[in-house]
Amino acid sequence: MCSFHLHCGDYAAEIVAQGAGIKALSFRNEPLVETYTSTPPMTAGLVLAPWPNRTEDGEFSFDGQHYQLPINEPSRNNALHGLVHEREWELVQRSEDAVTLSCVISEHWVAEMTLMATYQLHEGGLRVRYSVSSQEPAPFALGLHTYLNARGADCDDSELTLNVTEHHLLDERNLLTGEVELEGIAKHVLKGTVWDDLYRAPEPLKAQFTAVGKGVQMRCGAGWQWVQLYTPDDYPGRGRALAVEPMTAPINALRSGTDLVTVGPDESCVFELELAAI
């Protein structure tokens with residue numbers, strides 16, 4: 001698998017061409033995300049676009065046209081995580097501390113879209129920038145399937161703080177029920193917690209995952225107000241792990257229209273976030 005190693009100060013990162021994924025990120029040799037040895041397990045670190053999470057029955061309509069997406073979660077009959085996470089992205093440019101990759105979406109989609117992903121290390125962490133442009137008007141939403149790591153601490157000994165205020169309940173297909181509970185997450189110790197849940201923040205998402213006062217933080221820019229939390233028990237080499245998946249739109253957004261953006265010719269949309277040590 002093609003990958004790119006980045007270095008700046010106390011930070012190091014490895015970005016893979018598959019799904020423009022963050023395979024590794026460390027601070028003073030301590031991990032800030034979960035890594036892996038060969039292929040990305042559980043979509044770890046990969047870009048999710050032109051929609052994140054699930055689309056019910058893989059069906060949606062746009063501008064009066066009906067579209068059928070490939071069903072890649074057959075047990076729930078959903079189209080899951082977009083069209084680019086299994087693709088090999090093309091190298092645009094790279095340096096010692098940065099890399100830019102691109103991917104063109106055309107098959108199974110409304111219009112031809114070009115995604116660009118730039119990862120840049122600096123003295124304060126990893127800066128991430130995604131941009132998208134389209135040949136014709138088309139819907140778009142974005143996610144990143146990040147597994148956070150509190151600098152090597154055991155997941156169950158770590159605690160999560162998120163600026164979320166709404167818990168959107170899911171059914172047996174992991175689709176929205178329409179029920180919303182007011183719920184925040186502050187210094188929540190992971191031991192005993194099982195999540196596969198959707199939350200919304202009133203402003204751009206911020207997350208901290210720490211143990212004994214140190215760990216990792218995620219700071220999202222405008223447009224990132226949704227997050228899926230997931231706690232698998234069998235992450236390779238780790239066991240229990242925590243996925244904090246920032247998204248620009250919720251589950252089933254292609255059908256509901258919630259927080260979707262429409263990208264047209266001669267314009268682009270940009271979404272940014274940062275990962276840094278605490």
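None of the figures in this text is laboratory data; all of them are computed from the coordinates on show. For clarity, every value in this text was computed on a predicted model and none was experimentally measured. So basically every Cβ, Gly included, is an ideal-geometry build from the backbone, and we count neighbours across all protein chains shown.
In debye, nearest 20: dipole of the chain around its Cα centre with unit charges on the Cβ of K, R (+) and D, E (-)? Mind dumping the intermediate values first?
Numbers: 19 positive and 39 negative charges, 135 e Å.
The calculated dipole for the chain is roughly 640 debye.
Specify the residue with the greatest mean-square fluctuation among Asp97, Asp259, Asp157, computed from a Gaussian network of the chain linking alpha-carbon atoms under 10 Å apart.
Asp157
When the helix-only estimate is applied to the chain (DSSP H runs of n ≥ 4, each -39,500 (n - 2.57), divided by the residue count), what is the mean residue ellipticity at 222 nm, nearest 500 deg cm²/dmol?
0 deg cm²/dmol
What is the spin-label model distance, in nm, from Thr39 to Glu203 if the labels are put 7 Å beyond Cα along the C-beta direction?
Modelled inter-label distance: 4.2 nm.
For the charge dipole of the chain, defined by +1 on Lys and Arg C-beta atoms and -1 on Asp and Glu C-beta atoms about the Cα centroid, which residue among Ala201, Val104, Ile15 has the Cα displaced farthest towards the positive pole?
Comparing the listed Cα positions along the dipole, Ile15 ranks first.
Place +1 on the Cβ of every Lys and Arg and -1 on the Cβ of every Asp and Glu in the chain, take the dipole about the Cα centre, and give the residue among Leu254, Thr37, Thr55 whose Cα lies farthest towards its positive end.
Thr37
To the nearest Å, what is the center-to-center distance of region 109-163 and region 16-74, using C-alpha atoms only?
Taking the Cα centre of region 16-74 as reference, the centre of region 109-163 is 10 Å away.
When ranked by the protection proxy of mean other Cβ atoms within 10 Å per residue, highest first, what sequence do the peptides 199-208, 58-67 form? Walk me through the numbers before you get to the answer.
On the way: 199-208: 18.4, 58-67: 13.2.
So the order, starting with the most tightly packed, is 199-208, 58-67.
GNM on the chain, C-alpha springs below 10 Å: top fluctuator among Pro246, Pro40, Pro52?
Greatest mean-square fluctuation among the candidates belongs to Pro40.
Over region 3-277, calculate the relative contact order: mean separation of alpha carbon pairs under 8 Å at least 6 apart, over the residue count, as a percent.
Once divided by the residue count of region 3-277, the mean separation gives 20 percent.
Between Glu30 and Cys2, what is the FRET efficiency for a Förster distance of 22 Å, r being their Cβ-Cβ separation, to the nearest 0.05?
On the way: r = 26 Å, r/R0 = 1.17.
According to the calculation, E is roughly 0.30.
With a 10 Å cut-off between alpha carbons and a GNM built on the chain, which of Ser106, Ser158, Ser38 moves the most?
Maximum among the listed residues: Ser38.
Work out the FRET efficiency for Gln65 and Asp196 from their Cβ-Cβ distance, taking R0 = 30 Å, and round it to the nearest 0.05.
Values: r = 32 Å, r/R0 = 1.07.
It comes to 0.40.
Using modelled amide H (1.01 Å from N, peptide plane; none on Pro or chain starts), what sits under 5 Å from the amide H of Gly82, excluding residues fewer than 5 places away?
Trp51
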